[in-house]
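Everything on this sheet refers to the single structure shown next.
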């Protein structure tokens, strides 16, 4: 069931991203007078489609079918993206007859360098616009919600935060000289801002200012291993769910939606903290102060020999929130800024891979990881799902613009070379370049999938 759920969301995400990308190529081709023979959702065999000549039809079109200046809009068998076939664009689909023929006025090959470049970058531009639109829409409809605290309730044992010296009840004052006002700024300052640089953190500890240092590589290690800093803000509470009747939680009388206030007299502020207390008391009584509708009550639970009680846990914040609303213009500006921030984060992460600070196998993900993260983001809600789509759209844009044969950037590089030398490269040379690029991409994909499976 989990596999089908992941596959479902993977198809949705991939379909949206590829549709938007290919729509950019399609619209740009039409604007520059090129023929777009096919616009396909999915790959492989044509299931059904529509064009102005034959109307709505099922199955493949005749081999000698010529749509003229009309496009066949189709749904194809394999739901793994899609494509636009632009007349005269040199790729692996060209046959010998097309290669030998003189380019016609409506073909890609006959257009000038600017027109070709416009068509090639249009897909990337559409992916960027999709991200801006998502970030702007979320900002406009929901504003920005900020937890108005910089105080740490709990520092997880053996976490990065613990290792560099954070303590419970520390208040974060500044990071790299920037004043910190809320928990969003805490996370951004520690993880996102100045990625690639060491961090100097000022905390207020019982009225005394203490300086902590966070090394860039320590942050990157946490990010690449999908870990966390180990910090929980003041105001979070832990709620029980999915109580198993025959497990310690059920036998002790715990109920779904019970709120855990304390465990062995220790105030509980995070799921990590509660798990730490319970797991360190295997087969030993743990006294819980529980809040429920009927009032507060003390319940003793005895974890099993694995340090578990048989209950689901989730963490919610009861802190003081500030919700800031924005107009349409402000939302667009914030959406643009967030897009730039994500691009900077992606580019910096790539540079850190080449510097050896992030392991390649931990930094990249193939279809298996994308499918898993698609489902996980969808389960967290529509906002999380849309943000995941926006981030992946930016990754797709940056990947496609790289000067690698078979990608948009590779095609663009060939156009640039031809513009400089004012001469078209031989078709066979272009075909060879595309084939080598495709082989490299397939090899890279196989390696990434292997890492996916190993994970």
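A few remarks follow.
- The stretch between residue 402 and residue 324 holds 24.3 nm of extra length on full extension. This uses 0.36 nm per residue minus the Cα-Cα distance.
- Over the chain, DSSP H runs of length four or greater, each weighted -39,500 (n - 2.57), average out per residue to a 222 nm ellipticity of -14500 deg cm²/dmol.
- The orientation-averaged shadow of the Cα convex hull for the range 91-249, equal to a quarter of the hull surface, comes to 19.0 nm².
- Axis angle, to the nearest 10 degrees, between helix 408-421 and the longest C-alpha principal axis of the chain: 40 degrees.
- Oblate is the label for the range 152-234. Its Cα gyration tensor axes, ordered a ≥ b ≥ c, give a/c of at least 1.5 and b/c at or above a/b.
- Relative to the dominant Cα principal axis of the chain, helix 328-354 is inclined by about 90°.
- Three principal axis extents describe the C-alpha atoms of the range 258-297; from largest down they are 30, 20, 14 Å.
- Cα gyration tensor shape for the range 393-437, rounded if a/c is under 1.5, else prolate or oblate: oblate
- Cα gyration tensor shape for the range 1-80, rounded if a/c is under 1.5, else prolate or oblate: oblate
- Among 70, 25, the ranking by other beta carbons within 10 Å of each residue's beta carbon, starting with the fewest, stands as 70, 25.
- Projected-area average for the chain over all orientations - Cα convex hull basis, square nanometres: 27.7 nm²
- Take the Cβ atoms of residue 57 and residue 78, set R0 to 22 Å, and the FRET efficiency comes out at 0.70.
- Length gained on full extension, residue 168 to residue 267: 34.5 nm, using 0.36 nm per residue less the C-alpha separation.
- Label-to-label distance, nm, for residues given as residue 184 and residue 341 (7 Å Cα→Cβ offset): 0.7 nm
- Residues 239, 260, 286, sorted so that the one with the fewest Cβ neighbours within 10 Å comes first: 239, 286, 260
- Taken over the range 1-149, the convex hull of the Cα atoms encloses 182 Å³ per residue.
- Based on the Stokes-Einstein relation at 37 °C and a viscosity of 0.692 mPa s, and on the Kirkwood radius from alpha carbon pairs, the range 125-178 is assigned a translational diffusion coefficient of 226 µm²/s.
- Pairwise label distance in nanometres, residue 284 with residue 317, each label 7 Å out on the Cα-Cβ vector: 3.4 nm
- Scattering profile of the range 236-317 at q = 0.17 Å⁻¹ [log10 I(q)/I(0), Debye over alpha-carbon scatterers]: -0.56
- Among 212, 56, sorting on how many other beta-carbon atoms sit within 10 Å of each Cβ, with the fewest leading, yields 56, 212.
- Principal-axis analysis of the Cα atoms of the chain puts helix 2-31 at an angle of about 40° to the longest axis.
- Projecting label points 7 angstrom from Cα along Cα→Cβ for residue 137 and residue 425 puts them 3.8 nm apart.
- Using 0.36 nm per residue and subtracting the Cα-Cα separation, the extra length available between residue 383 and residue 205 on full extension is 60.5 nm.
- Inter-part distance where the range 293-339 and the range 146-218 are each reduced to a Cα centre, Å: 20 Å
- Residues residue 242 and residue 11, FRET efficiency given R0 of 30 Å [Cβ-Cβ distance, rounded to 0.05]: 0.55
- Efficiency of FRET between residue 65 and residue 441 - r from beta-carbon atoms, R0 30 angstrom, step 0.05: 0.50
Read-outs: derived from the displayed coordinates by stated rules, not from any lab. What you see is a predicted model, and the numbers here were worked out from it, not measured in a lab. Heads up, the Cβs are rebuilt from the backbone with ideal geometry, glycines too, and the neighbour counts pull from every protein chain shown.
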